[in-house]
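Trainee: If you scroll down you'll find the structure; I have some questions about it.
The values are calculated or read from the model by the stated rules, or taken from the named source; none is laboratory data. In this text the structure is predicted, and so the values were computed from the model without any measurement. Note that we place each Cβ from the backbone using ideal geometry, even for glycine, and neighbour counts take in every protein chain shown.
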Amino acid sequence: MGLKKKLHDFKIKNKDKKWLPAFSAIHTFLFLPDETTHNGTHIKAADDLKRTMNTVIMAMIPCLIFGMFNAGYQHHLALGEIQAVTGSFFSAEFWTMDNFMVGFWKILPLVIVSYGVGLGIEFIFAIIKGHEVEEGYLVTGMLVPLIVPVDIPLWMLAVAVIFGVVIGKEVFGGTGMNILNPALTIRAFLFFAYPTWMSGDKVWVHGAVERDQAIAAGENLDAISGETILGVLAQGKEVAYSTADMFLGFIPGSVGETSTVLILLGGLFLIFTKIGSWRIMLSSVLGAVVMGLIFNQVASAGIISDSSKFYGLMSAPFWEHLIIGGFAFGTVFMATDPVTASQTNKGKWIYGFLVGFISILIRVFNPAYPEGVMLAILLMNVFAPTIDHYVVQGNVKRRLKRVKVKTA
Amino acid sequence: MSNDIRIKKGLDIKLKGEAEKTVEQAIISNYCTVRPEDFHGVIPKLVAKEGSSVEAGGTLFYNKANEVIKFSSPVSGKVVEIVRGPKRRIDAIKIEADKKQSYRDFGALSLDSAGADEVKAKLLESGCWPFVKQRPYDVIADPEKSPKAIFISGYASAPLAADLDFTLQGKEAELQAAVTALSKLTEGKVHLAVGRKSNSPLAGLTGVTLHKVSGPHPSGNVGTLINKIDPVNKGEVVWTVAAQDLVIIGELLLTGRFNAERVVALAGSSVQKPRYFKTLIGSEVATLIYDKGVEKGGHDRIISGNVLSGKQIKPDGALDYYSNVVTIIPEGDDYEFFGWNKPVFNKVSTSRALTFSWLNPKKEYDLNTNTNGEHRAFVVTGGYEEVFPLDIYPLQILKACMYKDLDEMEALGMYEVAPEDFALTEFVCVSKQPHQKIIREGLDLMLKEIG
């Protein structure tokens, strides 16, 4: 009880200080504040923004841990030190301490930089603008390390986080006011500023870039290639991974995006807790399936020849699109961001469908960089207010019609 | 004729401390307090000066903007104090009650022969008019305008609300007189709602359109009723009267007396013996809580009204002009270690984010006044719609009120709503925004700008 009283006294004593929001952020992290209702409702429901954000983070933790194992596994596999796993999710080759430690020491710094830089900026803005530190970055900070390649240099990540938080969020007024998903803004910045670190066949496996540089320096080594499945398909080559590998996540890719099964579990958890929108998730999958089916038909009807550079991705079975690349992760954790998604229930159906639809569209028609989820979500973020506008207009029109019926 | 209205969206908040169905005569309050702020938007022009005597039903003040609307004293006695706030605003009128009450005689009205103008004049003169409210704007009705319909809800679905089936028992004659009189004031219908399974004394009234409502709160809110039956369009007016006020109106019409007596529930988890009292409008709450009420030295919130839209009052405060429930719950001004992420079993939530009220929907909760989190910008979407049954977009209309876009407020349905319609969305709000205040300010702005 001593701590509680001390912190409270400290807050009261320093209540005029400019830096108080920084203290409050830590104080309210430890203790749910002693604020009471005034007039209005005298009682309030248990949920607050911290709890909401925390629920999303909990849903992502399995992906993070899996990502650490997978980073080490891909690294060791590429070096030829271990055998590929066979089928089962609990393969002994995968869940080794060796794998985990490699990933842990690679990914922990990403998490620290992401949170350190991002929250630092949030604190500074809170103090300058004199408001409380809002919780939006708690989720963004966890998303960022999960959607970048494992070998991304930390300084690049720091620069991107600064850009994403300041330009993507704070200039609009902070949490709740932004147009674009901040985590995807950060990723988009990295993608356009440092494309060589964000795409190609060298960045997805830890050590590949280093090895390349060593070879360039004249050392006699085998190059490590760790292409994503999308990259392989885009080049029309044979995919070396089984469907089970893709679904379970034993494939190269951004840190947290590979394990569809864990993302699915996280998504179900978010739906069950009513934090994530099932409307967006479901309609996004529907959109992707529809687009995938259209492409399958185009490919099988012979409208494009198999020499076309789009043929590889177009002919990939429609369901495969759901379990490769960043589609599942984007749908569950990024498209559902309530601030940047559509805010009306009907709008969410439209928004989600288009996210899925356009994701696959961009993915297939962008063979230089065969992934479209990020761009599709950012694009739909921009259009979400427009979708909402038309949905709300429907309600407005109904209301106006009521008057006309009366007067007629 | 009976029409069923079923509400699916909403939330029943079950709280401890429901009033037991026994009525006690409250001890007579020595003082009676009338607060002009109970009548939203009214600027009072005093009639009763400090030191003067009034009869029960005698005019205390009238509305400066519309002088025919008079406000009556619930008791006979001597005006002992006019409490003033900043800029000499009248905060309260305090009357010392006579030992023997005397009533001003307004004369009974023969309902068979009386026309609309006579009814209106009688209600205005006697101070019963303030019980008639209007939408748009949720203020006292403008007697010049003719409403397209009148709505009365006889079903109280709010948490710990006074059970109207119980409090209106035996008042059939007064209720009938009141609705008969009201039906003369509108060309449309008088819509009356009762609970689907209730044995409300209201159900037997004639000259009304009866609706049976069911479903979670806010199924009993008059705003829900209006929205489902005959929503207010631009340029239209509907009137609403609270069911318990029909009794006062009815008694006036039958006997000519303004009898401010009302059956009031004393409820809430801090009350030792929650029960019903017969008391007068403006009575000190101390007369209700001194015996088996709250614990001495307890740290409690006393609310005149229900927990969702009532007013906070001090222990020496008084029952307000419209409420028929006094709720007392514990204050919650304490910290809770890691309260934002640990599993919660003792609070109500509509989510399942480690909150477990969904496991046990019948459980009664002991909620305090803690906000359970800090005020934030609107972030989460979709939660309001689950508890908001009106055909209106709640988040969008709240935002329109915040940035004061009158055209948008009008288009989104501002004429149809009252602050209490947004009580549940405020309760569930993750960002802890003051929805009812936002709506009230929006309505005030529209009233001022559009009228």
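Trainee: Identify, by number, the condition in (1) surrounded by fewer than 17 Cβ atoms within 10 Å (Cβ to Cβ); (2) over 28 Å from the mean Cα position of the chain (by Cα) that A:Ala45 doesn't meet.
Mentor: Of everything listed in (1) surrounded by fewer than 17 Cβ atoms within 10 Å (Cβ to Cβ); (2) over 28 Å from the mean Cα position of the chain (by Cα), A:Ala45 misses just condition (1).
Residue by residue, here is whether (1) more than 10 Å from chain A (Cβ to nearest Cβ); (2) small (Gly, Ala, Ser); (3) more than 20 Å from B:Thr33 (Cβ to Cβ) holds:
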{"position": "B:Ser304", "(1), (2), (3)": "yes, yes, no"}
{"position": "B:Pro315", "(1), (2), (3)": "yes, no, no"}
{"position": "B:Ser323", "(1), (2), (3)": "yes, yes, no"}
{"position": "B:Val344", "(1), (2), (3)": "no, no, yes"}
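Trainee: Which pairs turn up if I take residues in the range B:379-407 that are more than 10 Å from every other protein chain (Cβ to nearest Cβ) and look for partners that are polar (S, T, N, Q) and surrounded by fewer than 23 Cβ atoms within 10 Å (Cβ to Cβ) with beta carbon separation below 7 Å, at least 6 apart in sequence or on another chain?
Mentor: B:Leu390/B:Asn227
Trainee: Which members of the range A:249-287 meet the condition of being among the aliphatic types (A, V, I, L, M), part of a helix (DSSP H, G or I) and either buried (at least 24 other Cβ atoms within 10 Å of the Cβ) or in contact with a Gly (Cβ under 8 Å, 6 or more places away or on another chain) (or both)?
Mentor: A:Val261, A:Leu262, A:Ile263, A:Leu270, A:Ile280, A:Met281, A:Leu282, A:Val285, A:Leu286
Trainee: Tell me whether the range A:115-130 contains one or more residues that are over 30 Å from B:Ser431 (Cα atoms) and in contact with a Lys or Arg (Cβ under 8 Å, 6 or more places away or on another chain).
Mentor: No; the residues of the range A:115-130 include none that is over 30 Å from B:Ser431 (Cα atoms) and in contact with a Lys or Arg (Cβ under 8 Å, 6 or more places away or on another chain).
Trainee: Just wondering, is there one or more residues in the range A:144-160 that are of a type in the set (Asp, Glu), modelled with pLDDT under 90, under 25 Å from A:Ile61 (Cβ atoms) and surrounded by 16 or more Cβ atoms within 10 Å (Cβ to Cβ)?
Mentor: Within the range A:144-160, the subset of a type in the set (Asp, Glu) is A:151.
Imposing the further condition that a residue be modelled with pLDDT under 90 reduces the set to A:151.
When the remaining residues are screened for being under 25 Å from A:Ile61 (Cβ atoms), the result is A:151.
Now drop any that are not surrounded by 16 or more Cβ atoms within 10 Å (Cβ to Cβ), which leaves A:151.
There is at least one residue in the range A:144-160 that is of a type in the set (Asp, Glu), modelled with pLDDT under 90, under 25 Å from A:Ile61 (Cβ atoms) and surrounded by 16 or more Cβ atoms within 10 Å (Cβ to Cβ).
Trainee: Right, next: Where residues in the range B:182-202 are touching a Gly at 6+ places or on another chain (Cβ under 8 Å) and in a helix (DSSP H, G or I), which of them is surrounded by the most Cβ atoms within 10 Å (Cβ to Cβ)?
Mentor: Among those residues, the one meeting the criterion is B:Leu202.
Results for (1) more than 10 Å from chain B (Cβ to nearest Cβ); (2) touching a His at 6+ places or on another chain (Cβ under 9 Å), shown as yes or no for each residue.
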residue: A:Lys4; (1), (2): no, no
residue: A:Phe10; (1), (2): yes, yes
residue: A:Lys13; (1), (2): yes, no
residue: A:Asp34; (1), (2): no, yes
residue: A:His38; (1), (2): no, no
residue: A:His42; (1), (2): no, no
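Trainee: Can you tell me which residues in the range B:410-451 are among the hydrophobic types (A, V, I, L, M, F, W, C), surrounded by 23 or more Cβ atoms within 10 Å (Cβ to Cβ) and more than 11 Å from chain A (Cβ to nearest Cβ)?
Mentor: Answer for the range B:410-451, where residues must be among the hydrophobic types (A, V, I, L, M, F, W, C), surrounded by 23 or more Cβ atoms within 10 Å (Cβ to Cβ) and more than 11 Å from chain A (Cβ to nearest Cβ): B:Val417, B:Ala418, B:Leu443.
Trainee: For the range A:104-141, give me each residue that is part of a helix (DSSP H, G or I) and either of a type in the set (Lys, Arg) or within 14 Å of another protein chain (Cβ to nearest Cβ) (or both).
Mentor: Kept after step one, since they are part of a helix (DSSP H, G or I), are these residues of the range A:104-141: A:104-129, A:136-141.
Correct list: A:Lys106, A:Glu122, A:Phe125, A:Ala126, A:Lys129, A:Gly136, A:Tyr137, A:Leu138, A:Val139, A:Thr140.
Trainee: In the set A:Gly394, A:Gly302, A:Gly312, which member is surrounded by 17 or more Cβ atoms within 10 Å (Cβ to Cβ) and either away from chain B (no Cβ under 13 Å) or over 22 Å from A:Lys169 (Cα atoms) (or both)?
Mentor: A:Gly312
Trainee: I'd like the residue in the range B:203-246 that is among the small types (Gly, Ala, Ser) and assigned to a loop (DSSP other than H, G, I, E, B) and, out of all such residues, is farthest from B:Ala265 (Cα to Cα).
Mentor: B:Gly235
Trainee: Of all residues in the range B:317-347 being at pLDDT below 90 and hydrophobic (A, V, I, L, M, F, W, C), which is surrounded by the most Cβ atoms within 10 Å (Cβ to Cβ)?
Mentor: So the residue we want is B:Trp340.
Trainee: Sticking with this one: Quick one: B:Leu253 ticks every box in (1) of a type outside the set (D, E, K, R); (2) under 21 Å from the mean Cα position of the chain (by Cα); (3) at pLDDT 90 or above bar one, so which box is it?
Mentor: (2)
Trainee: Follow-up. What strands (runs of 3 or more DSSP E), lying completely within the range B:247-305, carry at least 1 residues that are touching a helix residue (DSSP H, G or I) at 6+ places or on another chain (Cβ under 7 Å)?
Mentor: Fully inside the range B:247-305 and qualifying: B:261-267, B:275-280.
Trainee: Within the range A:350-364, can one find any residue that is within 14 Å of chain B (Cβ to nearest Cβ) and either assigned to a loop (DSSP other than H, G, I, E, B) or more than 21 Å from A:Leu146 (Cα to Cα) (or both)?
Mentor: yes
Trainee: So A:Ile61 ticks every box in (1) of a type in the set (Val, Ile, Thr); (2) in contact with a helix residue (DSSP H, G or I) (Cβ under 7 Å, 6 or more places away or on another chain); (3) away from every other protein chain (no Cβ under 11 Å) but one. Which box is left unticked?
Mentor: Only one criterion in (1) of a type in the set (Val, Ile, Thr); (2) in contact with a helix residue (DSSP H, G or I) (Cβ under 7 Å, 6 or more places away or on another chain); (3) away from every other protein chain (no Cβ under 11 Å) is unmet by A:Ile61, namely (2).
Trainee: Please state which of the following conditions A:Lys346 fails to meet, knowing it meets all the rest: (1) away from chain B (no Cβ under 14 Å); (2) over 17 Å from the mean Cα position of the chain (by Cα).
Mentor: Condition not satisfied by A:Lys346: (1).
Trainee: Can you list residue pairs whose Cβ atoms sit under 9 Å apart, with the first residue in the range A:344-360 being free of Cβ contacts under 8 Å to residues at least 60 places away in the same chain and the second being among the small types (Gly, Ala, Ser) and part of a helix (DSSP H, G or I)? Count only pairs 6 or more apart in sequence or on different chains.
Mentor: Qualifying pairs under 9 Å: A:Lys346/A:Gly394; A:Gly347/A:Ala384.
Trainee: For the range B:207-241, give me the residue count where each residue is among the hydrophobic types (A, V, I, L, M, F, W, C) and over 14 Å from B:His191 (Cβ atoms).
Mentor: Just the residues of the range B:207-241 that are among the hydrophobic types (A, V, I, L, M, F, W, C), to begin with: B:208, B:210, B:213, B:222, B:225-226, B:229, B:232, B:237-239, B:241.
Still in the list and also over 14 Å from B:His191 (Cβ atoms): B:237.
Count: 1.
Trainee: If B:His217 satisfies every condition in (1) of a type outside the set (Phe, Trp, Tyr); (2) surrounded by fewer than 18 Cβ atoms within 10 Å (Cβ to Cβ); (3) within 14 Å of chain A (Cβ to nearest Cβ) but one, which is the exception?
Mentor: For B:His217, the exception is condition (2).
Trainee: Please tell me if A:Thr336 is surrounded by 22 or more Cβ atoms within 10 Å (Cβ to Cβ), touching a helix residue (DSSP H, G or I) at 6+ places or on another chain (Cβ under 9 Å) and within 14 Å of another protein chain (Cβ to nearest Cβ).
Mentor: Judged against the criteria, A:Thr336 is a match.
Trainee: Identify, please: which residue in the range B:160-181 is outside any helix (DSSP H, G or I) and not hydrophobic (A, V, I, L, M, F, W, C) and is, among those, surrounded by the fewest Cβ atoms within 10 Å (Cβ to Cβ)?
Mentor: For the range B:160-181, the residue satisfying everything is B:Gly170.
Trainee: Among the residues of the range B:358-376, are any surrounded by 19 or more Cβ atoms within 10 Å (Cβ to Cβ), of a type in the set (A, V, I, L, M, F, W, C), at the interface with chain A (Cβ under 7 Å from one of its Cβ atoms) and not in a loop (DSSP other than H, G, I, E, B)?
Mentor: No, the range B:358-376 contains no residue that is surrounded by 19 or more Cβ atoms within 10 Å (Cβ to Cβ), of a type in the set (A, V, I, L, M, F, W, C), at the interface with chain A (Cβ under 7 Å from one of its Cβ atoms) and not in a loop (DSSP other than H, G, I, E, B).
Trainee: Is there a residue being among the acidic types (Asp, Glu), surrounded by fewer than 17 Cβ atoms within 10 Å (Cβ to Cβ) and at pLDDT 90 or above anywhere in the range B:72-82?
Mentor: yes
Trainee: Next question. Out of the strands (runs of 3 or more DSSP E) lying entirely within the range B:27-79, which hold 1 or more residues that are among the small types (Gly, Ala, Ser)?
Mentor: Working: elements: B:31-34, B:44-46, B:59-63, B:66-72.
Hits in the range B:27-79: B:66-72.
Trainee: Can I ask one more? Can you tell me which of (1) out of contact with any helix residue (DSSP H, G or I) (no Cβ under 9 Å at 6 or more places or on another chain); (2) not assigned by TED's automatic domain parsing to the domain that holds B:Ser431 is the one B:Tyr365 doesn't meet?
Mentor: (1)
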